[in-house]
Amino acid sequence: MVDKKLGGAGLRGQSAGETALCTVGKTGSGLTYRGYDMKDLAENAQFEEVAYLLLYGKLPTQTELDAYKARLKGMRALPAALKTVLEQIPASAHPMDVMRTGCSMLGNLETEATDFSDQLDHIDRMLATFPGIVNYWYNFSHNGIRVETDTEADSIAEQFLWTLHNKKPEALHVEVMHASLILYAEHEFNASTFAGRVCASTLSDIHSVVTGAIGTLRGPLHGGANEAAMDMIEQWKSADEAEAAMLGMLERKEKIMGFGHAVYRTSDPRNAVIKDWSKKLSEQVGDTHLYAVSERCEAVMWREKKLFCNADFFHASAYNFMGIPTKLFTPIFVCSRVSGWTAHAMEQRANNRIIRPSADYTGPEPQEFVSIENRS
Ligand SMILES: CC(=O)SCCNC(=O)CCNC(=O)[C@H](O)C(C)(C)COP(=O)(O)OP(=O)(O)OC[C@H]1O[C@@H](n2cnc3c(N)ncnc32)[C@H](O)[C@@H]1OP(=O)(O)O
Ligand SMILES: O=C([O-])CC(=O)C(=O)O
């Protein structure tokens, strides 16, 4: 993999600390979690194995995995006060705002100890409850249903789909969700993780770390791109229509969501994995154009701009084929990335110094104070 030339604004290419969790664009297919190639994990593991790897430092044995899944399963029920708050949030709210509020409310009800001795309990609780939080609100506000979040689902992947559709999902969809959650789990010092680490460096609590990270992930330049990509591709009914529209967007110098990356230069290794799943799902549902539209977008962007699909682009069609409403796309990213964010928070806490960089001053030279009656 060729390194992207890094420099300029946005702290690009500057090291802001150390991590043992992840490499981006360095070895293997280009993304490793604690030394394991993301592709091997996405092809062979369940999401809980990856969360365990990030949070507990090693891949679990079968016995450890069974125990971990049972532990998470036992933590799914939502407190009544949290459900009451979720029921107040209007259907017009963005689900990322619901997640931000849900996480914050959980922190009010189940506050972390100030010595962080129970951090892993709170982290596992967030992993266990996040799918239920967003889907409880979604079903209540959109369908008038108080969905049961304490389900029999075997995994977080299954739990998301089960609490969304209020029934046991099909096996293929659960398999895709495991892969998707693994792809999104961790990505070094991306914007939301960095925001979380800054928060952790003040010795704040774990719910504040995650609440801040959720707000940072929400933007369309970061996690919000999967939703923005769907809004774009669903307008087009054929690959030719997509190509013509994209050329117009490029001509007008518009940003095309789901393309490009701050670190990768020639490809995002997560794209090949989710693109394969999107193709399989498109065949399963008898899709007539969405996959073809997506593929054409990829070809046009590469031909015209040498820009490639990032992790978000084919997630849009894949999630759509599984019947997931577009506005719930980025919350799925949260349900996964909470593992990476919190692993980083623990790493920061274990070797902490408050993150406080400097700025290059560009304001006026020192000037005399002018009293209010003499100002023009
Ligand atoms: C999981 C994730 O968070 S992945 C990222 C998800 N975000 C998106 O998909 C949003 C669209 N993409 C982008 O906005 C950008 O590519 C980012 C934010 C991901 C990276 O930003 P940067 O590191 O600043 O991009 P980079 O330095 O490669 O940009 C080079 C040029 O390509 C252009 N470019 C980059 N991405 C795009 C795009 N998606 N559409 C059109 N032009 C683009 C930039 O405008 C820039 O042009 P300029 O030099 O004339 O200003
Ligand atoms: O690394 C980044 O800048 C964004 C990204 O792909 C991620 O967070 O998964």
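The values are calculated or read from the model by the stated rules, or taken from the named source; none is laboratory data. In this text, all values refer to a predicted model and were calculated from it rather than measured experimentally. Virtual Cβ from ideal backbone geometry, glycine too; neighbours counted across all protein chains shown. For the accessible areas, the whole protein counts, side chains as well, though only heavy atoms, and no ligand, DNA or RNA atoms are used. Shrake-Rupley method; radii C 1.70, N 1.55, O 1.52, S 1.80 Å.
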Exercise. Yes or no: LEU21 on the phi < 0 side of the Ramachandran plot, touching a Cys at 6+ places or on another chain (Cβ under 8 Å) and buried (at least 20 other Cβ atoms within 10 Å of the Cβ)?
Worked result: no
Seminar exercise, completed: Expected single match for within 16 Å of ligand 2 (Cβ to nearest atom), farther than 21 Å from LYS69 by Cβ and touching a residue at least 40 places away in the same chain (Cβ under 8 Å) among HIS187, HIS142 is HIS187
Problem set entry | Whichever residue in the stretch 169-186 is open to solvent by less than 10 Å² (accessible area, probe 1.4 Å) and either touching a strand residue (DSSP E or B) at 6+ places or on another chain (Cβ under 6 Å) or not β-branched (Val, Ile, Thr) (or both) and, among such residues, is farthest from ASP268 (Cα to Cα) | MET177
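For every residue, the table says whether it meets (1) without any contact (Cβ under 8 Å) to a residue 24 or more places away in the chain; (2) within 10 Å of ligand 1 (Cβ to nearest atom); (3) in the same structural domain as LEU172 (by the TED database).
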{"residue": "ASP231", "(1), (2), (3)": "no, no, no"}
{"residue": "ALA239", "(1), (2), (3)": "no, no, no"}
{"residue": "ALA245", "(1), (2), (3)": "yes, no, no"}
{"residue": "GLY248", "(1), (2), (3)": "yes, no, no"}
{"residue": "GLU251", "(1), (2), (3)": "yes, no, no"}
{"residue": "VAL263", "(1), (2), (3)": "no, yes, no"}
{"residue": "SER267", "(1), (2), (3)": "no, no, no"}
{"residue": "TRP277", "(1), (2), (3)": "no, no, no"}
For this session: Determine if the stretch 326-348 includes at least one residue that is more than 26 Å from GLY102 (Cβ to Cβ) and either surrounded by fewer than 20 Cβ atoms within 10 Å (Cβ to Cβ) or assigned by the TED database to the domain that holds ASP97 (or both).
Result: no
Exercise. If you go through the stretch 197-204 one residue at a time, do you hit one that is away from ligand 2 (no atom under 12 Å from the Cβ), part of a loop (DSSP other than H, G, I, E, B) and either in contact with a helix residue (DSSP H, G or I) (Cβ under 6 Å, 6 or more places away or on another chain) or among the small types (Gly, Ala, Ser) (or both)?
Worked result: yes
For this session: For residues that are open to solvent by 30 Å² or more (accessible area, probe 1.4 Å) and within 22 Å of the chain's Cα centre (by Cα), scanning just the stretch 92-114, find the one that is farthest from SER339 (Cα to Cα).
Result: SER92
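Are any residues in the stretch 224-256 open to solvent by 40 Å² or more (accessible area, probe 1.4 Å) and within 16 Å of ligand 2 (Cβ to nearest atom), and if so, which ones? Working first, answer last.
In the first step, residues of the stretch 224-256 are kept if they are open to solvent by 40 Å² or more (accessible area, probe 1.4 Å); the result is 231, 234-235, 237-238, 240-241, 244, 247, 251-255.
If the condition is that a residue be open to solvent by 40 Å² or more (accessible area, probe 1.4 Å) and within 16 Å of ligand 2 (Cβ to nearest atom), then LYS255 is the only one that fits.
If the requirement is being open to solvent by less than 10 Å² (accessible area, probe 1.4 Å), modelled with pLDDT of 95 or more and within 25 Å of ASN351 (Cβ to Cβ), which of these qualifies: GLY196, GLY212? So that I can check it myself, show each step before the final result.
Numbers: GLY212 fails: open to solvent by less than 10 Å² (accessible area, probe 1.4 Å).
Going through GLY196, GLY212 in turn, the sole match is GLY196.
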